[in-house]
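Enquirer: Here it is, the structure, as structure tokens.
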């Protein structure tokens with residue numbers, strides 16, 4: 001597995017080894033020891049699967065309290081996946097990293113606890129699967145506006161996005177009252 005550090009401390013791109021031949025391929029999507037050696041020494045307690053159509057934007061989502069770390073990969077299609085540092089007092093506060101995850105490149109994005117997560121769908125349909133370090137709690141779910149001018153995320157969208165009501169009504173980061181604290 002190749003581990004790629006990003007411009008945000010703690011956010012990694014993982015490129016698993018793919019073993020393929022005329023029949024297809026095999027790859028390991030997760031092995032605790034390999035991720036722990038890379039600095040992701042957390043236990044996952046929930047797996048999720050999300051399907052979306054082209055032009056959909058989901059996010060920017062996070063939980064507080066009980067922040068979730070997410071290990072994201074795409075099994076069908078392509079997305080532009082984003083992690084935003086929203087930890088109060090962090091040197092990276094308000095900065096973001098975006099990476100294209102596709103069924104072809106088989107990359108994974110590690111979004112640590114304390115970061116907001118969002119994505120836009122580039123293909124006709126995209127299936128994401130992600131592992132979470134804490135369970136989903138509706139009462140702890142928070143949303144930041146995907147198009148917050150302070151964040152200035154360069155979403156590769158050819159037209160206005162398809163949004164849920166929650167995402168369409170989300171407020172900017174500066175108006176988000178409940179944020180995780182930076183732990184050092």
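The values are calculated or read from the model by the stated rules, or taken from the named source; none is laboratory data. No experiment lies behind these values; they were computed from the predicted model shown. Every residue, glycine as well, gets a Cβ built from its backbone with ideal geometry; the counts of neighbours run over all protein chains shown.
Enquirer: Restricting to the range 139-160, and then to whatever is over 18 Å from the mean Cα position of the chain (by Cα) and farther than 23 Å from residue 9 by Cα, can you tell me which residue is modelled with the highest pLDDT?
Expert: In this case the residue turns out to be 139.
Enquirer: So which of 51, 9 ends up being at pLDDT below 95 and surrounded by 12 or more Cβ atoms within 10 Å (Cβ to Cβ)?
Expert: Unique residue meeting the criteria: 9.
Enquirer: Does residue 59 fit the bill of being on the phi > 0 side of the Ramachandran plot, surrounded by 17 or more Cβ atoms within 10 Å (Cβ to Cβ) and outside any loop (DSSP other than H, G, I, E, B)?
Expert: yes
Enquirer: Also: Regarding the range 149-158, can at least one residue be identified that is surrounded by 17 or more Cβ atoms within 10 Å (Cβ to Cβ), in contact with a helix residue (DSSP H, G or I) (Cβ under 8 Å, 6 or more places away or on another chain) and part of a loop (DSSP other than H, G, I, E, B)?
Expert: yes
Quick grid of which residues meet (1) crowded, with 24+ Cβ neighbours inside 10 Å; (2) at pLDDT 95 or above; (3) farther than 18 Å from residue 47 by Cα; (4) under 10 Å from the mean Cα position of the chain (by Cα):
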site: 95; (1), (2), (3), (4): no, yes, yes, no
site: 102; (1), (2), (3), (4): no, yes, yes, no
site: 106; (1), (2), (3), (4): no, yes, no, no
site: 111; (1), (2), (3), (4): yes, yes, no, yes
site: 117; (1), (2), (3), (4): no, yes, no, yes
site: 123; (1), (2), (3), (4): no, yes, yes, no
site: 126; (1), (2), (3), (4): yes, yes, no, no
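Enquirer: Scan the range 12-29 residue by residue and report those that are under 17 Å from residue 132 (Cα atoms) and surrounded by 15 or more Cβ atoms within 10 Å (Cβ to Cβ).
Expert: Hits for the range 12-29 are 12, 13, 14.
Enquirer: I've got another one for you. Just for the range 159-184: of the residues that are touching a residue at least 12 places away in the same chain (Cβ under 8 Å) and assigned to a helix (DSSP H, G or I), which one is farthest from residue 83 (Cα to Cα)?
Expert: Across the range 159-184, the extreme among qualifying residues is 166.
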